[in-house]
Amino acid sequence: MTVRQSDEVVLQIGEARARKATANRKANARPTAQPDKGDDPRPWVVYSPHDLHVAVANAIDVLSRTPNVFARVGQLVHVADGGVSEPVLERHAQDDRAVATLRREARIVPFTVATLRSFLTSCLRVGKLVQDRETGEWGNAPMSPPGNLVKAIAEAGAWPAIPPLVGVSGTPFLRPDGTVATSAGYDHATGYVLAPSAPCLPVPSAPTQAAAAAALAELEEPFLDFPHVSRAHRLVGVAAILTLLARPAIRGSVPAFLLDASTRGSGKSLQADVIALIATGHTSSKMGWPPDPEELEKVLGAYALRGAALVNFDNVASSFGGAALDRCLTAGESGVDLRVLGKSEIPALPWPAVVLATGNNMAIHGDTTRRVLVSRVESPLENPEDRTEFRHPDLLAWVRDNRARLVSAALTLLRAFVVAGRPSQGLRAWGSFEAWAALIPQALVWAGGSDIMTCRPEVEGVADPEKAALLAVIDHWPRLAPQGELTAKRAVDLLYPPDRFRGPTPPDGFDDLREALESGTNAKQGMAPSVKAVGWFLKRMNGRVMGDSKLVGHQNRKGVLTWRVVPARAAAREAS
């Protein structure tokens, strides 16, 4: 190549670079969203790999103005129809024909990368900025949303412009200011989406105390056929309905509602269905009680991720309660840390759910005793399932037919109490549930009802299972440990030798101690509690006085923890 030819090559390269630089300047000067000359209303988002952050910000801005896109627990979510709950016969007034319809429950569904890409194509158009070779004008070349753009949006972690979602309600509900949310869609005052499952009757704006009393009588009617031990116990079911409808208005925690019966067939599960059907529009799915603490935490985590409004533990056979449930029931507005199945992280999850549980002669575990209300039914019949005399033989069908009226009655009662200025009825306080106690029990008494606060197990004087377990340990531990002290492992080995599970064994006088440890550790029926669980139970009991004695743990030189029972006063003198 001659010198002159090399100069021409350099000149051509320089001119090409100059043209590219000019094109880049023009591209940067162009607006990031091009006006559309056609009929498609979707806005443009210009994509460039070098300016990915700009495309992400513009796409999120479009999503923030798109209905049914929300942020929840570090995820983008939307509200979708759930599965079919059950077929329902609805009568049309025009010709009184019974027409089969299907009720559906709205639910919270997280966006995956695939579903988000599909959703993006419905609300915006992604284009790559290109220049027309003939006219020199710049425009958008349509393209499918690139994977890195979709993933960057999905994994942003925070979307300040997108509204946060707390939960979904199928029924009009009470707001914190005492007004009633009746319009379908997102409610900015509460962060709830109202997806009505059926039409609702209007609620008076300023109902009177007499209207509240009439509303309470309507709400009691579905529970009149159940043999409750008192009216207060009957009103616990009404309180559960009011709690579900007022949950968005309660800034704080709500207690669990236990539907207890003296024998099977008394209608405890039917009561739970009545509560769910009135408050949500469908009977709730039923969950078996997981006796394993780790399994319980994962179950609760799944409900929290789903944003469930109601959790129904049916036919609880073992001791009800545990640390994970206790954390959920007193989570407050800060949420609760729960392990989630299939994930290594422990996210802080909101807990808007109301917990129901049913069982026969239910035992309540540890600190859960002070977090529940109990509705007790005691049938006078040997076989209550054979009973035939009822006000409403097909109760669920009657509730479906009258649900709109019952929902209106519940909201009328709550609204009337708020309009009256939330007058105090002089009821006892309830730590951890202050906001709930200031609304639901007070409104019921103001409307002419009984005080449901007397249905708290600790108020009624029901024995605390944990205290009973400690008493059994203090009574029997010295005999199990004649040398003075034992480790948790040694105690389990002595109480549960291998031959105990091979057939009948002679009595040894330690059945009460075994029952205490099994109750205190929530062990599976017919199985020995784990050494780890027994160790944690003994640590919870460490230093607690029962009568004149207390259980004390002592760590020897090898770091092994041993346990002994000592006189309480002697232990106090040693400590001083």
*asked:* Looking only at residues that are over 24 Å from Ala210 (Cα atoms) and not hydrophobic (A, V, I, L, M, F, W, C) in region 420-437, which one is farthest from the chain's Cα centre (by Cα)?
replied: Arg428
*Looking only at region 416-434, decide whether some residue is within 26 Å of Gly178 (Cβ to Cβ), in contact (Cβ under 8 Å) with a residue 60 or more places away in the chain, among the polar types (S, T, N, Q) and assigned to a loop (DSSP other than H, G, I, E, B).*
yes
*Return yes or no: is Pro248 surrounded by fewer than 24 Cβ atoms within 10 Å (Cβ to Cβ), touching a Leu at 6+ places or on another chain (Cβ under 8 Å), in contact (Cβ under 8 Å) with a residue 60 or more places away in the chain and part of a helix (DSSP H, G or I)?*
yes
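Of Thr171, Thr208, Thr179, which residue is among the β-branched types (Val, Ile, Thr) and open to solvent by less than 20 Å² (accessible area, probe 1.4 Å)?
Of Thr171, Thr208, Thr179, the one residue that is among the β-branched types (Val, Ile, Thr) and open to solvent by less than 20 Å² (accessible area, probe 1.4 Å) is Thr171.
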*Quick one: in region 530-552, which of the residues that are in a loop (DSSP other than H, G, I, E, B) and closer than 16 Å to Ala472 by Cα is least open to solvent (accessible area, probe 1.4 Å)?*
Gly543
_Show the residue pairs meeting these rules: Cβ distance below 7 Å; 6+ apart or different chains; first residue within region 361-383 and assigned to a loop (DSSP other than H, G, I, E, B); second residue among the basic types (Lys, Arg)._
Leu381/Arg387
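May I ask you to say which residue of Leu356, Leu338 is open to solvent by less than 30 Å² (accessible area, probe 1.4 Å), of a type outside the set (Gly, Ala, Ser) and modelled with pLDDT of 90 or more?
On the way: Leu338 fails: modelled with pLDDT of 90 or more.
Matching residue, one of Leu356, Leu338: Leu356.
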*For Gly267, which of the numbered conditions (1) more than 30 Å from Pro380 (Cα to Cα); (2) more than 16 Å from the chain's Cα centre (by Cα) fails to hold?*
(1)
*Restricting to region 276-302, what's the tally of residues that are open to solvent by 40 Å² or more (accessible area, probe 1.4 Å) and of a type in the set (A, V, I, L, M, F, W, C)?*
2
*Out of all the residues in region 144-167, which are open to solvent by 20 Å² or more (accessible area, probe 1.4 Å) and aliphatic (A, V, I, L, M)?*
Ala152, Ala154, Ala156, Ala158, Ala161, Val166
*How many of the residues making up region 183-198 are out of contact with any helix residue (DSSP H, G or I) (no Cβ under 9 Å at 6 or more places or on another chain) and among the polar types (S, T, N, Q)?*
1
*Which one of Ala488, Ala469 is within 38 Å of the chain's Cα centre (by Cα) and modelled with pLDDT under 80?*
Ala469
*asked:* Take Trp446 and tell me if it is at pLDDT 90 or above and touching a His at 6+ places or on another chain (Cβ under 6 Å).
replied: no
*Tally time: how many residues in region 486-528 are charged (D, E, K, R) and over 30 Å from Thr368 (Cα atoms)?*
4
*Quick one: Leu305 ticks every box in (1) more than 12 Å from the chain's Cα centre (by Cα); (2) open to solvent by 30 Å² or more (accessible area, probe 1.4 Å); (3) at pLDDT 85 or above; (4) on the phi < 0 side of the Ramachandran plot bar one, so which box is it?*
(1)
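Okay, residues lined up against (1) assigned to a strand (DSSP E or B); (2) within 25 Å of the chain's Cα centre (by Cα); (3) of a type in the set (Ser, Thr, Tyr):
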residue	(1), (2), (3)
Ser183	no, yes, yes
Ala189	no, yes, no
Pro199	no, no, no
Val203	no, no, no
Pro207	no, no, no
Ala212	no, no, no
Leu216	no, no, no
*Mind checking which residues of region 485-523 are surrounded by fewer than 12 Cβ atoms within 10 Å (Cβ to Cβ) and not in a helix (DSSP H, G or I)?*
Arg502, Gly503, Pro504, Thr505, Pro506, Pro507, Gly509
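The values are calculated or read from the model by the stated rules, or taken from the named source; none is laboratory data. Owing to the predicted nature of the structure, the values given are computational and were not obtained by experimental measurement. Counting neighbours? That spans all protein chains shown, and the Cβs are built from the backbone with ideal geometry, glycine included. Keep in mind that these areas ignore ligands, DNA and RNA; they rest on the heavy atoms of the full protein, side chains included. Shrake-Rupley method; radii C 1.70, N 1.55, O 1.52, S 1.80 Å.
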